[in-house]
Amino acid sequence: MSTQVLLLPGAIADLFADVSSSGQITLADRYGLMAAILEERLTEEERASVDRMLHACYRGRMKVVSDISALS
C-alpha cells in the first residue's frame, strides 16, 4: 500500500514566506519540503522556491531547529 502526498494550493509560497521571515526551518517546514520534493506536479516557480530554501539552508543562512512549528 503506497501513501500519496498531496500539497495544499499555495503551500509552497506560504512555506517560503514563513521560512524567509523567521530564518528557521522547523520540523513542520521540513515535512512540507519533503512533500514538495515528492510532488511531481510543481510549477517552475514552486520548484525554484524549494531550491532557494534548500540552498539557503545549505549555505547556513537558515537554521534547522527541532521545534515542531514556529508557533510553539
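What follows is calculated from the coordinates using simple rules that are stated; it is not laboratory data. As the structure is a computational prediction, the values presented were derived from the model and not from experiment. Note that each Cβ is placed from the backbone with ideal geometry, even for glycine, and that neighbours are counted across all protein chains shown.
A few remarks follow.
- Where labels lie 7 Å past Cα in the beta-carbon direction, separation of D67 and A13 in nm: 2.5
- Modelled this way, with points 7 Å down the Cα-to-C-beta line, the labels at Q24 and Y58 are 2.5 nm from one another.
- Segments 51-58, 15-22, 26-33, 38-45 sorted - mean Cβ within 10 Å per residue, highest first: 26-33, 15-22, 51-58, 38-45
- The per residue volume of the convex hull around the alpha-carbon atoms of the chain is 100 Å³.
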